[in-house]
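Structure, as structure tokens:
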Amino acid sequence: MSATTPLSLLGKVALITGASSGIGAATSVLFAKLGAKLVLNGRQVENLEKTGKDCEKHGSKPLIVPGDVTNEADNVALIQKAVEHFGQLDILVNNAGILSLGTIETTSLKDFDHMMNTNVRSVFHLTSLAVPHLTKTQGNIVNVSSVNGLRSFPGVLAYCVSKSAVDQMTHCVALEMAPKKVRVNCVNPGVIVTELQKRGGLNEEAYAAFLEKSKTTHALGRAGEADEVANAIAFLASDSASFITGVTLPVDGGRHAMCPR
Ligand code: NDP
């Protein structure tokens, strides 16, 4: 590969969870533009189909497999259908995730379990199901973690714990799969304008204030856009990142490097 080869995912079969919204939807469309064959997962079928149509505009007709990543049978069917349909799997993007607000004093065990089931257990399960197929293709995995995995913030305890677990899973699986030439990386976004925070409990007013505050909590002076994370995911998933494995890549306008002063 020459150093000037442009980014391409031509012919790669990529499965993206949480493709029905935000970062997952933006990543799906970018992957379509870069020539990937796509398997799209999420729970809200109408939104998934919208992402699918946006991908089709770039010449890639995705296989849409609705499902809940906390459901074991759904995950088994998702990987099976992907491989049956396209004959192989090259890239897994573990993007589906939730945020919830809560401290050690206010987070119930049920809330904690729900967070861990959605953000961590699903990543473990889908990764274990995908690994035999990725081994065959010498493929790769990109996990979507968060700056909250790298740094600690009060008031989002379960979320921070879940994303630290995703970071550690990225490191460990990268080392375990390296002898088989399967790369495993993650991106750690800062605040990105999507539905996540509103679905996690912020009303419109609180969300507007949160975005305003993001101008001071991110060194670059703003929140990020889903496309900016999609670009980093596409790079890590592509052969342009052929010598990169086990990284946690902040896509956060410098937030991870900031300290109070
Ligand atoms: P959105 O809420 O816009 O999208 C979340 C996606 O995850 C949706 O497609 C949703 O699908 C899917 N999802 C959630 N739970 C499940 C489930 N149980 N089964 C299947 N799909 C599920 O948020 P983002 O795009 O922002 O979030 C994507 C990832 O980015 C998450 O892992 C999040 O933690 C991470 N992230 C986001 C940041 C941000 O500021 N936005 C910052 C750092 C990390 P559906 O709607 O169909 O249920």
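Which number in (1) more than 17 Å from the chain's Cα centre (by Cα); (2) open to solvent by less than 40 Å² (accessible area, probe 1.4 Å); (3) under 24 Å from Ser242 (Cα atoms) marks the one condition that Phe86 misses?
Exception for Phe86: condition (2).
Please determine, by comparing only the residues of region 56-67 that are closer than 20 Å to Leu78 by Cβ and in contact (Cβ under 8 Å) with a residue 12 or more places away in the chain, which one is surrounded by the most Cβ atoms within 10 Å (Cβ to Cβ). Outline the logic, then answer.
First pass over region 56-67, keeping only residues closer than 20 Å to Leu78 by Cβ: 60-67.
Checking the rest, the ones that are also in contact (Cβ under 8 Å) with a residue 12 or more places away in the chain come to 60, 62-67.
Numbers: Ser60: 20, Pro62: 26, Leu63: 18, Ile64: 19, Val65: 21, Pro66: 16, Gly67: 19.
The extreme case among them is Pro62.
Considering only residues that are within 14 Å of the ligand (Cβ to nearest atom), open to solvent by less than 60 Å² (accessible area, probe 1.4 Å) and either basic (Lys, Arg) or in contact with a His (Cβ under 9 Å, 6 or more places away or on another chain) (or both), which ones fall in region 135-157?
Within region 135-157, Val147, Leu150 meet the criteria.
Can you name the condition, by its number, that Cys160 falls short on among (1) in a helix (DSSP H, G or I); (2) buried (at least 21 other Cβ atoms within 10 Å of the Cβ)?
With (1) in a helix (DSSP H, G or I); (2) buried (at least 21 other Cβ atoms within 10 Å of the Cβ) applied to Cys160, the lone miss is (2).
Going through region 207-246 one residue at a time, which ones are within 20 Å of the chain's Cα centre (by Cα), part of a helix (DSSP H, G or I) and among the acidic types (Asp, Glu)? It would help to see each step written out before you state the result.
Of all residues in region 207-246, those within 20 Å of the chain's Cα centre (by Cα) come to 223-242, 244-246.
Next cut, part of a helix (DSSP H, G or I) only: 226-237, 239-241.
Of everything in region 207-246, those that are within 20 Å of the chain's Cα centre (by Cα), part of a helix (DSSP H, G or I) and among the acidic types (Asp, Glu) turn out to be Asp227, Glu228, Asp239.
Which of (1) exposed (fewer than 14 other Cβ atoms within 10 Å of the Cβ); (2) part of a helix (DSSP H, G or I) does Thr106 not meet, given it meets every other one?
Every condition holds for Thr106 apart from (2).
Which of the residues belonging to region 178-206 are in a helix (DSSP H, G or I), open to solvent by less than 90 Å² (accessible area, probe 1.4 Å) and either within 21 Å of Ser100 (Cα to Cα) or within 14 Å of the ligand (Cβ to nearest atom) (or both)? Steps first, answer last, please.
At the first step, the residues of region 178-206 found to be in a helix (DSSP H, G or I) are 178-180, 196-199, 204-206.
Pick out the ones that are also open to solvent by less than 90 Å² (accessible area, probe 1.4 Å) and you get 178, 196-198, 206.
Leu196, Gln197, Lys198, Ala206 - these are the residues of region 178-206 that are in a helix (DSSP H, G or I), open to solvent by less than 90 Å² (accessible area, probe 1.4 Å) and either within 21 Å of Ser100 (Cα to Cα) or within 14 Å of the ligand (Cβ to nearest atom) (or both).
Six or more apart or on different chains, Cβ atoms under 8 Å: show the pairs whose first residue is in region 214-239 and over 27 Å from Leu34 (Cα atoms) and whose second is within 12 Å of the ligand (Cβ to nearest atom) and charged (D, E, K, R).
Taking only residues 6 or more apart or on different chains, the pairs are Thr217/Arg255; His218/Asp252; His218/Arg255; Ala219/Arg255.
Restricting region 56-75 to residues that are assigned to a helix (DSSP H, G or I) and farther than 25 Å from Ser238 by Cα, which is nearest to the ligand (Cβ to nearest atom)?
Step one: filter region 56-75 for residues assigned to a helix (DSSP H, G or I), giving 56, 72-75.
Narrowing further to those that are farther than 25 Å from Ser238 by Cα: 72-74.
Numbers: Glu72: 12, Ala73: 13, Asp74: 8 Å.
Going through the qualifying residues, I end up with Asp74.
Of these, Leu99, Leu78, which one is more than 26 Å from Ser242 (Cβ to Cβ), of a type outside the set (Lys, Arg), part of a loop (DSSP other than H, G, I, E, B) and modelled with pLDDT of 95 or more?
Details: Leu78 fails: part of a loop (DSSP other than H, G, I, E, B).
Step by step, each of Leu99, Leu78 is checked, and only Leu99 is more than 26 Å from Ser242 (Cβ to Cβ), of a type outside the set (Lys, Arg), part of a loop (DSSP other than H, G, I, E, B) and modelled with pLDDT of 95 or more.
Name the single residue, out of those in region 1-55 being among the basic types (Lys, Arg) and surrounded by fewer than 20 Cβ atoms within 10 Å (Cβ to Cβ), that is farthest from the ligand (Cβ to nearest atom). Reasoning before the result, please.
Within region 1-55, the subset among the basic types (Lys, Arg) is 12, 33, 37, 43, 50, 53.
Remaining after also requiring surrounded by fewer than 20 Cβ atoms within 10 Å (Cβ to Cβ): 33, 43, 50, 53.
Values: Lys33: 18, Arg43: 3, Lys50: 11, Lys53: 15 Å.
Among those that are among the basic types (Lys, Arg) and surrounded by fewer than 20 Cβ atoms within 10 Å (Cβ to Cβ), it is Lys33.
The values are calculated or read from the model by the stated rules, or taken from the named source; none is laboratory data. Keep in mind that this is a model prediction, so the values were computed, not measured. Reconstructed Cβ throughout: ideal geometry from the backbone, glycine too, with neighbour counts over all protein chains shown. When the accessible area is computed, the model is the full protein with side chains, heavy atoms only, and any ligands, DNA or RNA have been set aside. Shrake-Rupley method; radii C 1.70, N 1.55, O 1.52, S 1.80 Å.
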